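A.B. asks: Handing you this structure, nothing more for now.
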Amino acid sequence: MKVKGGVILSWILRAILGIIFIITAYAKINDPYPFWEFIERVLSIPPDWAMTAQWVVVSWELLLGSSLLLFLRQIFPVWVTIGTLLGFTVVIGYASFFYPGIDCGCFGSILGQNIAGKSSLAKNGLLLLMTLSLVWIHKIKEVKGEN
């Protein structure tokens, strides 16, 4: 069985994306306050609901990161990742427009600095490009009949 470059690139991209989702979830578990405050302020919801929403997002990121890392199903987690990243990008874009300078709490205190506005949008854009690359690789494999 011959392993092609697209398969290796696909493995690498899935591993990177999975690890990033797991690290961000861990950071939000370790330092929940910035993300909880972000949800409460930007979405204008009660504190109890914001805390619940935070744990739902953290659980979702852990599940998504694990499914990407464990290669559960080929393309389904990739499409779910695209939807998740698009949702995050819309919320962060809204926040950076209406609440400039607010820390999204995306990485908790793991980086030692706040990630706000344009830098968070750029991070999401890069992750979205990586995920779209996985779809592109999968489509090429389908066309070539390698799936």
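The values are calculated or read from the model by the stated rules, or taken from the named source; none is laboratory data. This structure is a prediction, so every number in the text was calculated from the model and none was measured. Positions of Cβ are generated from backbone atoms using ideal geometry, with glycine treated the same way; all protein chains shown enter the neighbour counts.
A.B. asks: If you take the residues of segment 6-31 that are small (Gly, Ala, Ser), surrounded by 16 or more Cβ atoms within 10 Å (Cβ to Cβ) and at pLDDT 90 or above, which of them is nearest to SER120 (Cα to Cα)?
C.D. replies: If we take residues in segment 6-31 being small (Gly, Ala, Ser), surrounded by 16 or more Cβ atoms within 10 Å (Cβ to Cβ) and at pLDDT 90 or above, then ALA25 is nearest to SER120 (Cα to Cα).
A.B. asks: Here are some residues: GLY87, GLY83. Which one is within 26 Å of VAL7 (Cα to Cα), in a helix (DSSP H, G or I) and modelled with pLDDT of 90 or more? First the steps, then the outcome.
C.D. replies: On the way: GLY87 fails: within 26 Å of VAL7 (Cα to Cα).
None of the other options fit; the residue is GLY83.
A.B. asks: Looking only at residues in segment 107-147 that are within 20 Å of SER67 (Cβ to Cβ) and of a type in the set (Val, Ile, Thr), which one is modelled with the lowest pLDDT?
C.D. replies: That would be ILE137.
A.B. asks: Let me ask another. On the phi < 0 side of the Ramachandran plot and small (Gly, Ala, Ser) - does that describe any residue in segment 38-52?
C.D. replies: At the first step, the residues of segment 38-52 found to be on the phi < 0 side of the Ramachandran plot are 38-43, 45-52.
Filter once more, so that each one left must be small (Gly, Ala, Ser): 50.
Yes, some residue in segment 38-52 is on the phi < 0 side of the Ramachandran plot and small (Gly, Ala, Ser).
A.B. asks: Confirm whether ALA95 is more than 13 Å from the chain's Cα centre (by Cα), over 20 Å from ILE22 (Cβ atoms) and either modelled with pLDDT of 80 or more or in a helix (DSSP H, G or I) (or both).
C.D. replies: Yes.
A.B. asks: Go through segment 56-88 residue by residue and tally those that are out of contact with any Pro (no Cβ under 9 Å at 6 or more places or on another chain), under 21 Å from PRO34 (Cβ atoms) and surrounded by 14 or more Cβ atoms within 10 Å (Cβ to Cβ).
C.D. replies: Within segment 56-88, residues that are out of contact with any Pro (no Cβ under 9 Å at 6 or more places or on another chain), under 21 Å from PRO34 (Cβ atoms) and surrounded by 14 or more Cβ atoms within 10 Å (Cβ to Cβ) number 8.
A.B. asks: Also, quick follow-up: Return the pairs, sorted by first residue and then second, in which the second residue is part of a helix (DSSP H, G or I) and aliphatic (A, V, I, L, M), the first residue lies in segment 50-69 and is free of Cβ contacts under 8 Å to residues at least 40 places away in the same chain, the beta carbons are less than 7 Å apart, and the residues are 6+ apart or on different chains.
C.D. replies: Within 7 Å, the pairs are ALA50/ILE39; ALA53/ILE39; GLN54/ILE39; VAL58/ALA25; VAL58/ILE29.
A.B. asks: Further, regarding this structure: ALA53 fails exactly one of the following numbered conditions: (1) over 13 Å from the mean Cα position of the chain (by Cα); (2) surrounded by 15 or more Cβ atoms within 10 Å (Cβ to Cβ); (3) modelled with pLDDT under 90. What is the number of that condition?
C.D. replies: (3)
A.B. asks: Across segment 4-33, which residue is nearest to PHE76 (Cα to Cα) among those that are under 12 Å from the mean Cα position of the chain (by Cα) and among the aliphatic types (A, V, I, L, M)?
C.D. replies: For segment 4-33, the residue satisfying everything is LEU17.
A.B. asks: Is it fair to say ARG41 is closer than 20 Å to SER119 by Cα, of a type in the set (Lys, Arg) and loosely packed, with under 15 Cβ neighbours inside 10 Å?
C.D. replies: yes
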